[in-house]
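What follows is calculated from the coordinates using simple rules that are stated; it is not laboratory data. Everything numeric in this text was worked out from a predicted model, so none of it was measured. Positions of Cβ are generated from backbone atoms using ideal geometry, with glycine treated the same way; all protein chains shown enter the neighbour counts.
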Amino acid sequence: MTPDPRKVAILISGRGSNMRELVRQADGYEVVLVASNRPAAAGLIWAEQRGITTWSEDSRGQDRAAYDQRLGDRLKESGAGTIALAGFMRILGPEFIRRFAGRMLNIHPSLLPKYKGLDTHQRCLDAGDKEHGCSVHVVTEELDAGEVVAQARVDVSPLDTVSSLEAKVLEREHELYPQALARFVAR
Ligand code: GRF
């Protein structure tokens, strides 16, 4: 099957709130597969209930290259031309990234290039930043370092905690990602 950029596969590891918004707000693209490296991911059940094809296989203890190959084959079989990572907590190997080069997006909870990696809300508070936010970026071999295609900002108040900041940023993620994905598949 020739990959169609408007056909999107979403990769999740957990609750999948961004995945749900990508499905609900799908405009100009179609979600053809939701895949997870955690079979217990809550988002999988939600997707199944909406008639979306799902795939999961636990990645723990698996050979990285062989796992990436199986996941990649499943994505290819789905006909997806765009892959959206949404809380996918597994590092993808270089071969996988090359296989889907320029066709993968991720959402990250910081204003990249600030705070690549984990604990972004804590690091923002520790630094005393006045603003924080989220970024949608193209996935490349270097973690959280690909082209930023969209960002949304939130103000940080002196009363903010990690959880209040996370909630504020997540709200913006839910608006930003579907819009950014719609633009990305059309470019
Ligand atoms: C979000 O904060 C996203 O930015 C990060 O992982 C979290 C996923 O949350 N990459 P959810 O599974 O989409 O609810």
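A few remarks follow.
- Gap separating the Cα centres of the range 93-115 and the range 5-73, nearest whole Å: 16
- Calculated [θ] (222 nm, deg cm²/dmol) that DSSP helices of n ≥ 4 give over the chain, each run adding -39,500 (n - 2.57): -11500 deg cm²/dmol
- Around LYS116: net Lys/Arg minus Asp/Glu count, Cβ-Cβ under 12 Å: -1
- Computed over the alpha-carbon pairs of the range 60-187, the distance histogram in 5 Å steps reads 2, 10, 20, 20, 17, 13, 10, 5, 2, 0 percent, short to long.
- 23 Å Cα-Cα reach of LYS76 towards lysines, excluding residues that sit fewer than 8 places from it in its own chain: LYS7
- Residue order, fewest to most beta carbons within 10 Å, for ARG60, ARG153, ARG90: ARG60, ARG153, ARG90
- DSSP bridge analysis restricted to the chain gives an antiparallel fraction near 40%, rounded to the nearest 5.
- For peptides 141-147, 106-112, sequence by mean Cβ density within 10 Å, most packed first: 106-112, 141-147
- Amide hydrogen proximity for LEU11: with H placed 1.01 Å from N in the peptide plane, the residues at 5 or more positions away or on another chain lying under 5 Å are ALA35, ALA84, LEU85, ALA86.
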